[in-house]
1. Tell me, what is the 1.4 Å probe accessible area of B:LYS42, in Å² to the nearest 10?
2. Give me the residues in segment B:184-219 whose solvent-accessible area, probe 1.4 Å, is reduced by at least 20 Å² once all protein chains are included instead of the chain isolated.
3. Roughly speaking, to the nearest percent, how much of segment B:8-179's 1.4 Å accessible area is carbon and sulfur?
4. With contacts defined as alpha carbon pairs under 8 Å and 6 or more residues apart, what's the relative contact order of chain A in percent?
5. At the nearest 100 Å², what buried accessible area, both sides summed, do you get for B and A when the probe is 1.4 Å?
6. Projected onto the charge dipole of chain A (+1 at Lys/Arg Cβ, -1 at Asp/Glu Cβ, origin at the Cα centre), which of A:LEU13, A:GLY79, A:TYR171 gives the Cα projection farthest towards the positive end?
7. Measure out, as a whole number of angstrom, how far apart the alpha-carbon centroids of segment B:255-271 and segment B:118-166 sit.
8. At a probe radius of 1.4 Å, what is the per-residue accessible area of B:PHE236, in Å² to the nearest 10?
Amino acid sequence: MKTICTEEMKAMLLFIADRVMESKPMLTEVDSRIGDGDHGIGMETGFRAVKEVLSGEDFDTVNQLFRQTGIAMLNSMGGASGVVFSTMFMGGVKGMQDTSQIDTQAFADMMSRSLEAVQKRGGARRGDKTMVDALEPACAAMSEYQGGDFGEIFCRAAEAAQKGVEETKRYAAKFGRAKSLMERSIGYQDAGATSVWIIFRAAADWCLKKEAEEA
Amino acid sequence: MKKIINQPAAVPEETIEGFIRAYADDFEKVEGVKGIRVRTPKDKVALVIGGGSGHEPMFAMFVGENLADASANGNIFASPDPNTIVQTVRSVERGKGVLLIYGNYAGDNLNFDMAAEILEDFEIESRTVRVWDDVASAPKERITDRRGIAGDVFVLKIAGAATAAGLSLEEAYRVAVKARDNTFSLGVALSGGTIPGEEHPAFTLPDGEIEFGMGVHGEPGVKRMKLIPADQTTDFLLEKLLEDSGIHRGDSVCTLVNGLGSTTLSELCIINRRLAPLLESRGIGIHDMEIGSYITCQEMAGASITLLRLDEELQKYYDMPCWSPYYQKRAKKAK
């Protein structure tokens, strides 16, 4: 896939929403080890709201779609995840030219702006054991990629995110409730980073499925 | 975990609905969001508190006379979203600004900060006081990393009185900061709390073991040991609190023994029975003692001790009567 139009993007976001909601038990389990175990609940709440908003409406632009996705998460989740993950979805479209279809280059640029917005808002840097540890390498992998294929760019992003998740096991938490654990949080992966990986993996799977259907 | 609930996700909303039905003369729900407000906000600086649901009666139900004007409530153990906070503030703000008080957690900080930015667009001035009383949650050098626990009660009590007394936003903020900076808590956990609808507790402690400094969401504490009698537990808690706070002979304090949810009032009273003579023997004056489960964590077992060091000003606001269904103070009797 060289470009994705608004309608396809909506289908992809709905696919991602289902995947994240299915992952709730796994996210809860991951978060319980060093957090308070509510990350999965928060993500499920957020993506249920996303499904409601997206299902009930038609969108003209990719911009609107991502903005509404972000707002749905922001107004339903609460917690640090609510702010940070909604920013991941709507931070990148701020100031972006309205468009009803997007290529991999523009998408990578959008995600880089999202990353910037997430870091500005949340204050976390690479190595702080947060979702940034997965989002930053995923965005870097997307920016590097020049091949123009969506299935491929999301696969690379997911792979980079997964490596980022693995790396969080080595870090001591600097943010959120796991922070008070400090060194004791070492050895466990970060739940927010895990969610970022799930999101990119789902995007990749949606593209691969779509390409297979069209082939 | 057996619980009397309907849909787990509906717990915060249905809790508010039931509460409002009982106290509809005094409170109403903020339209469209999980907020509770006093029916008739006074012409003063507004005081709005907030936090995750599931810590009842804090935060939702600490609204009332000379207390908070409104509370913005999130999902279970998750901070409220910015829209909930903004709508809640707008429902009680009377043009004199709003003082926002909440526990110092990443989620609350992010959402309240975002809300404060949005309030600027509505030309509502705000000041923020984050409560960080839990001495176990970070060393003193990183005090802004400490969590807010039962100390919320005292900071909110003082701030409620200060805004009710007609102080300006700046002055009320100054007093609330002073209360926050003189509030210190330390707790002990016996067992973990649960998230409604989840099968397993969010965290567990081995049989027969307790943990000092454990957070109300199961954040690990500073020392785990075999269960010891109440007196020794109290000794340990107070020792650490005095060491950290620097409260000493000649100081005057208010105390709160707070239960975490499933610990009984008798256990809290037994802690308090020991606490009083311990303070007296050290020459620390006891202005007031409170016992109650004000900030809880569902079925969590355990308790904390909070000390509020008073000066003349803080004492004046502490002594002002206040009322909410689960926390109230009468005018102090002359000794």
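The values are calculated or read from the model by the stated rules, or taken from the named source; none is laboratory data. These numbers were taken from a predicted model, which means no experiment stands behind them. Quick reminder, even Gly has a Cβ in these numbers, built from the backbone with ideal geometry, and neighbours come from all protein chains shown. Quick note on the areas: whole protein, heavy atoms, side chains included, nothing else; ligands and nucleic acids left out. Shrake-Rupley method; radii C 1.70, N 1.55, O 1.52, S 1.80 Å.
1. Accessible area of B:LYS42: about 110 Å².
2. Output list: B:ILE195, B:GLU198, B:ALA202, B:HIS217, B:GLU219.
3. On the way: 2630 of 5780 Å².
Ligands and nucleic acids excluded, carbon and sulfur give 46 percent.
4. This gives 22 percent for chain A.
5. Details: alone 14350 and 9870 Å², together 22040 Å².
Using a 1.4 Å probe on protein heavy atoms, the buried area is about 2200 Å².
6. It is A:TYR171, whose Cα lies furthest towards the positive end.
7. 24
8. Rounded to the nearest 10, the figure is 40 Å².
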